[in-house]
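Reviewing the structure listed below.
The values are calculated or read from the model by the stated rules, or taken from the named source; none is laboratory data. Owing to the predicted nature of the structure, the values given are computational and were not obtained by experimental measurement. With ideal geometry, Cβ positions are generated from the backbone for all residues, glycine too; neighbour counts draw on all protein chains shown. Accessible surface areas use protein heavy atoms only, side chains included; no ligands, DNA or RNA. Shrake-Rupley method; radii C 1.70, N 1.55, O 1.52, S 1.80 Å.
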Amino acid sequence: MIGLGFLLFVALVALFIFTSSFKIVGQAEVMVIERLGRFHRLARSGFNILIPFIERPKSIDVRFLEADVGGQKRIASRTTSRIDLREQVLNFPSQPVITKDNVTIDIDAVLYYRVADPQKATYSIQNLPYALETLTRTTLRNIVGDIELDQTLASRDMINKRMRDVIEEAAVSWGVDVTRVELQAIEPPRDIQQSMELQMRAERERRAAVTNAEAGKRAAILESEGQREAQVRKAEGEKEAAILRAQGMAEARLALANAEAEALRRVAESLPEGQAAMYLLGLKYFEALPKLAEGKGSTVFLPAEATGVMGAVGALREMLNKAGVSAVENANVRRSSGPVTATTAAYPSTRPTVAVRTSDTQVSMPDHPTDR
């Protein structure tokens, strides 16, 4: 029985020596090996042999954020002898930060880092993840405390860069490379959010009003320009039309004048020399004579010199006879109511006049200008 217990003890000791002497390290992992309490070497990935009771791996603390069943996030910590060389994410709960204009906001930040020197990460700082978290919190408070709320919301890239510079300067001595620092969320208080929403809505309404005003202004300008151009075009059209009408009237009058000149020339050629004027004067008298009889029961008094009309008519008759044209025997001027009689009367004045009465009598035209 004693021999069986001794064999069992020897087997356990051998198993302990075997497990503590042979270590298999995974890819992208290292182990800090201490010999008699001092740093000796780094056990890289692969198979490593340790001297029992003399060499042992160094244990380090690890902190990470995990979520429970209810979805609540909490920070968990544990101890391990293996250092992960991959890039790691340090995510911690949001923290209240006071801005320069005394507004308290909650900021949730995340830090990306990678262990570059496992020896320094093990011996230069105790609890490296907690140190990085604390440094991130204090740096974030310092940076946000120097700027106002609006600038904080609009300058995330600037905050990220400043935080990375400050944290990286301190983390270099810890054997850590800080790759990125990001602000996940910035949560102002509820009343501040409502004020910001009202301000944003007012700003959008203002921009919409300005846009509508500019559109109306542009439309009014275009409409006025269109009306002006239309009026200019209309004026130009009226001008051209007036010019064309004037040119047409001028050409018509010129053609009429040419026609009258041709007619006068032919009349002058067909009459004896010097008698064309008497012919035209007689035609004018004939055209004016019916107008003298217009009106009902009216008497028109003419100067005595108007009796020359009769002489002109007689001279016209004589000229036509001399030209071989059949003479006009009698020229009777009638109105719709009856014939017109012209008599010579002495008007009580210094000048003798001729009275033409619209009656049912008939006047006979003289045959010669001297028959007056």
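Taking helices (runs of 4 or more DSSP H) as the structural unit, those lying wholly within segment 86-205 and holding at least 3 residues that are under 30 Å from Gln27 (Cα atoms) correspond to 118-123, 128-144, 156-171. Take the residues in segment 181-215 that are among the charged types (D, E, K, R) and touching a strand residue (DSSP E or B) at 6+ places or on another chain (Cβ under 8 Å); name whichever of them is least open to solvent (accessible area, probe 1.4 Å). The selected residue is Glu182. Taking every residue in segment 130-154 that is over 14 Å from Ile107 (Cβ atoms) and open to solvent by 90 Å² or more (accessible area, probe 1.4 Å) and pairing it with any residue that is modelled with pLDDT of 85 or more and of a type in the set (Asp, Glu), at least 6 positions away or on another chain, the pairs with Cβ-Cβ distances below 9 Å are Glu148/Asp101; Asp150/Asp101. Within segment 182-194, one or more residues are within 36 Å of the chain's Cα centre (by Cα) and without any contact (Cβ under 8 Å) to a residue 60 or more places away in the chain. Counting only residues that are open to solvent by 30 Å² or more (accessible area, probe 1.4 Å) and touching a residue at least 12 places away in the same chain (Cβ under 8 Å), segment 82-97 holds 10 of them. Count of segment 253-282 residues, restricted to those that are in a helix (DSSP H, G or I) and either among the small types (Gly, Ala, Ser) or without any contact (Cβ under 8 Å) to a residue 12 or more places away in the chain (or both), is 19.
Taken over segment 25-48, the residue count meeting the criterion of being part of a strand (DSSP E or B) and modelled with pLDDT under 85 is 0. Scanning for something of a type in the set (S, T, N, Q) and modelled with pLDDT of 85 or more, does segment 59-72 turn up at least one residue? Checking segment 59-72: not a single residue is of a type in the set (S, T, N, Q) and modelled with pLDDT of 85 or more. Only residues that are open to solvent by 50 Å² or more (accessible area, probe 1.4 Å) and among the hydroxyl-bearing types (Ser, Thr, Tyr) were counted in segment 103-114, giving 2. Just one of Lys161, Lys100, Lys120 is open to solvent by 70 Å² or more (accessible area, probe 1.4 Å) and without any contact (Cβ under 8 Å) to a residue 40 or more places away in the chain; which is it? Residue meeting the stated conditions: Lys161.
Being modelled with pLDDT of 90 or more and surrounded by 10 or more Cβ atoms within 10 Å (Cβ to Cβ) narrows it down to one of Arg266, Arg218, so name that one.
Arg218
Do you know which residues across segment 187-227 are among the hydroxyl-bearing types (Ser, Thr, Tyr) and closer than 30 Å to Gln151 by Cβ? Scanning segment 187-227 gives Ser195, Thr211.
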